[in-house]
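Visitor: Encoded as structure tokens, here's the structure I'll be asking about.
Where a number appears in this text, it was derived from the coordinates with a stated rule and is not lab data. These numbers were taken from a predicted model, which means no experiment stands behind them. Glycine gets a Cβ as well: all are built from the backbone with ideal geometry, and neighbour counts include every protein chain shown.
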Amino acid sequence: MVAIDLVHNTYTSDESHDLIFELLDAKISLLGKKIHSHRERGFEVQDYETRHEYLVKTREELRQKLQGLGGEEFKVHCQLTVDNA
């Protein structure tokens, strides 16, 4: 197993917003590309679509929550863990 502290710091509201949404947007974009690629090749895409919809919904919920918190600073921690399936 490999664990990486990808993000571990305190950020302003704007910095937090930029960092979190860049990460989410990158994953959503990657899933969109996989969905398109798999569809063109005739493969099943339901799992990718479900995950894509979940992340889009979660991103919007998070956006609303962060907007309601104002200009505070936030601790952002994101650990990436890679392990055998």
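Visitor: Of everything in the range 18-76, what is in contact (Cβ under 8 Å) with a residue 24 or more places away in the chain and farther than 24 Å from Leu6 by Cβ? Give them in sequence order.
Guide: Gly70, Gly71
Visitor: Now, a different point. So if I check each of Ser16, Ser29, which one is assigned to a helix (DSSP H, G or I), of a type in the set (Gly, Ala, Ser) and touching a strand residue (DSSP E or B) at 6+ places or on another chain (Cβ under 7 Å)? So that I can check it myself, show each step before the final result.
Guide: Numbers: Ser29 fails: touching a strand residue (DSSP E or B) at 6+ places or on another chain (Cβ under 7 Å).
The match here is Ser16.
Visitor: Provide a single number: the residues in the range 7-35 that are loosely packed, with under 12 Cβ neighbours inside 10 Å and of a type outside the set (Gly, Ala, Ser).
Guide: Counting residues in the range 7-35 that are loosely packed, with under 12 Cβ neighbours inside 10 Å and of a type outside the set (Gly, Ala, Ser) gives 5.
Visitor: Inside the range 32-85, can you point out the residues that are under 28 Å from His8 (Cβ atoms), in contact with a helix residue (DSSP H, G or I) (Cβ under 8 Å, 6 or more places away or on another chain) and part of a helix (DSSP H, G or I)?
Guide: Those that are under 28 Å from His8 (Cβ atoms), in contact with a helix residue (DSSP H, G or I) (Cβ under 8 Å, 6 or more places away or on another chain) and part of a helix (DSSP H, G or I): Arg51, His52, Leu55, Val56, Thr58, Arg59, Leu62, Arg63, Leu66.
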